[in-house]
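Read through the structure below, which is laid out as structure tokens, and then see the notes.
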Amino acid sequence: MSSTDHASPFDQWLSGDPEVLGLLGDETERQSTTLQLIASENFTSTAVLAATGSVLTNKYAEGYPGRRYYGGNQVIDEVEDLARERLKALFGAEHANVQPHAGSNANVAAYMALIEPGDTVLAMRLDHGGHLTHGSQASITSKVWNFVSYGVSAATGDPDKPGEIIDFDQVADLARTHRPRLIVAGSTAYARIIDPLPFREIADSVGAKFLFDAAHPAGLIAGGAHPSPVGVADVVTFTTHKTLRGPRGGAIVCQSEYAKAVDSAIFPGLQGGPLENVIAGKAVAFAEAARPEFRRYAADVVANARALADAVAAEGIRLVSGGTENHQVLCDLRSFDAELTGKVAQEVLDRAGITCNRNTIPDDPRSPFVTSGLRLGTAAVTTTGMGPAEMTRIGALIGRTLRSRDDDAALGIVRAEVRELCTGFPPYPGLARA
Ligand code: DSN
């Protein structure tokens, strides 16, 4: 990234709306001067920003390329076809749907395509790392389908075999007992590789279909750092904005036999007009993820997560599952300070310019609003060019912040150090305030 600061086209185009322009400037400043450690976030390229902020937002395009319900979609068809072809090539998939507005929509559409209302689904427990759409009581999914949940094994306290990994014996037992029509792999807070093969074997043993929700590791899969579930699972859903580094949205790839059902589930089943500007941004991101340098990026994300995990562990914070194999570091704060909740830790880190989110940890005694854990992620900081040395420094800053949580002066010093660290790694030099 160049280091020249200049006014962006956005400044000019928004000059008639100083309120929104000001807020965009504030958020650019926040993203540039604080550490973005939310595991589900990233910095897109400026090419993705340009496509997402384009005239394609003006077009109604209900339907699919060649089968639209509105006129004037000749160019839009080419945009969506380009995105679909790039996505199929990226993952070696038979069919792609790039219209899901979000990962949640993609998951609900996959359920609609694969099973009937009332059918039983076996998916990961929310408090062990599963997603809301994996059957949480708060989600529509639990009202339409009958969810049974598997979790991770118990923590052992043994550093060589720490536990807290997916318990495939439990998955197999639950599958035999409940005979699900669908088994879901994938998580939102789990720091380990999820191997699709044992899930496939268990699904086959009970005649279930298999959905892999790759929302978090999609970029690691595209970059060759994690095994691909494509061709193993019947359907793979994911988000495009986490490790894949595209615009905010979802996508689905599947085997040809499910293509029609998946497409019908998204439109007209679940959504109306697709966001073709976002689909253009997805096309750009899929091409970027196919480049050799994205393989380096995916490997660096994982190496940085390991370095960050080591650094926070050195501060006395216990790592759920004993470490990490992906972009996430899941911290159990009770070892650091039994009184410190995830909520308080998130708030105090925010004050110091370190942005992350509180998270439940397996069998968390506290509520999901309070929690005993923190989830950290390295996808965004790796995009800015930070490496293991910066991760070590960030781990130490986190420790200092949490120890100094009642000391405003000490927090101010950390905040200044964070700002200085970020100055060397600007995510959008061209968008910096003049
Ligand atoms: N909320 C997203 C995350 O942070 O992982 C998942 O939807």
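Only helices (runs of 4 or more DSSP H) wholly contained in the stretch 1-88 count here; list those with 3 or more residues that are crowded, with 16+ Cβ neighbours inside 10 Å and touching a residue at least 40 places away in the same chain (Cβ under 8 Å). Walk me through how you get there before you give the answer.
Details: elements: 9-13, 18-33, 46-52.
Once the helices (runs of 4 or more DSSP H) in the stretch 1-88 are filtered for at least 3 residues that are crowded, with 16+ Cβ neighbours inside 10 Å and touching a residue at least 40 places away in the same chain (Cβ under 8 Å), what remains is 18-33, 46-52.
Which one is farthest from the ligand (Cβ to nearest atom), of the residues in the stretch 111-135 that are more than 22 Å from residue 176 (Cα to Cα) and under 18 Å from the mean Cα position of the chain (by Cα)?
Quick first cut of the stretch 111-135, residues more than 22 Å from residue 176 (Cα to Cα) only: 112-113, 127, 129, 131-133.
Retained after the next criterion (residues that are under 18 Å from the mean Cα position of the chain (by Cα)): 127, 129, 131-133.
Values: 127: 14, 129: 10, 131: 6, 132: 7, 133: 8 Å.
Applying the filter and picking the extreme gives 127.
If a residue has to be surrounded by fewer than 18 Cβ atoms within 10 Å (Cβ to Cβ), more than 30 Å from residue 296 (Cβ to Cβ) and in contact (Cβ under 8 Å) with a residue 24 or more places away in the chain to count, how many in the stretch 364-391 make the cut?
Narrowing the stretch 364-391 to residues surrounded by fewer than 18 Cβ atoms within 10 Å (Cβ to Cβ): 365-370, 385, 387-389.
Filter once more, keeping what is more than 30 Å from residue 296 (Cβ to Cβ): 365-370.
Now drop any that are not in contact (Cβ under 8 Å) with a residue 24 or more places away in the chain, which leaves 366, 368-370.
Final tally of qualifying residues: 4.
Grab the strands (runs of 3 or more DSSP E) fully contained in the stretch 144-215, keeping just those with 1 or more residues being within 16 Å of the ligand (Cβ to nearest atom), closer than 23 Å to residue 255 by Cα and not polar (S, T, N, Q). Explain how you work it out, then say what you get.
Details: elements: 146-150, 182-185, 209-213.
Result: 182-185, 209-213.
Identify the residue in the stretch 12-42 that is within 16 Å of the ligand (Cβ to nearest atom) and not charged (D, E, K, R) and, among all such residues, is farthest from residue 376 (Cα to Cα). Step through it out loud before you land on a result.
Taking the stretch 12-42 first, the residues within 16 Å of the ligand (Cβ to nearest atom) are 36-42.
Going one step further and asking which of them are not charged (D, E, K, R), we end up with 36-40, 42.
On the way: 36: 9, 37: 5, 38: 6, 39: 6, 40: 9, 42: 12 Å.
The extreme case among them is 42.
Checking residue 99 against (1) more than 16 Å from the ligand (Cβ to nearest atom); (2) outside any loop (DSSP other than H, G, I, E, B); (3) crowded, with 24+ Cβ neighbours inside 10 Å, which test does it fail?
Every condition holds for residue 99 apart from (2).
For the stretch 230-245, does any single residue satisfy the condition of being outside any helix (DSSP H, G or I), of a type in the set (Ser, Thr, Tyr) and within 26 Å of residue 58 (Cβ to Cβ)? Quick ask: steps written out before the conclusion?
Within the stretch 230-245, the subset outside any helix (DSSP H, G or I) is 230-245.
Still in the running and of a type in the set (Ser, Thr, Tyr): 237, 239-240, 243.
From what's left, within 26 Å of residue 58 (Cβ to Cβ): 239-240.
Within the stretch 230-245, one or more residues are outside any helix (DSSP H, G or I), of a type in the set (Ser, Thr, Tyr) and within 26 Å of residue 58 (Cβ to Cβ).
Check 394, 361, 413 and return the single one that is more than 16 Å from the ligand (Cβ to nearest atom) and either within 25 Å of residue 241 (Cβ to Cβ) or surrounded by 22 or more Cβ atoms within 10 Å (Cβ to Cβ) (or both). If you could, list the steps in order and put the result at the bottom.
Numbers: 361 fails: more than 16 Å from the ligand (Cβ to nearest atom); 413 fails: either within 25 Å of residue 241 (Cβ to Cβ) or surrounded by 22 or more Cβ atoms within 10 Å (Cβ to Cβ) (or both).
It is 394.
Within the stretch 112-130, how many residues turn out to be surrounded by 24 or more Cβ atoms within 10 Å (Cβ to Cβ) and closer than 30 Å to residue 65 by Cβ?
Of the residues in the stretch 112-130, 1 are surrounded by 24 or more Cβ atoms within 10 Å (Cβ to Cβ) and closer than 30 Å to residue 65 by Cβ.
Within the set of pairs 6+ apart or on separate chains, which have a first residue in the stretch 129-155 that is at positive phi, a second that is at pLDDT below 95 and assigned to a helix (DSSP H, G or I), and C-beta atoms under 8 Å apart?
Pairs found: 135/126.
The values are calculated or read from the model by the stated rules, or taken from the named source; none is laboratory data. Owing to the predicted nature of the structure, the values given are computational and were not obtained by experimental measurement. Please note: Cβ atoms are built from the backbone with ideal geometry, for glycine as well, and neighbour counts cover all protein chains shown.
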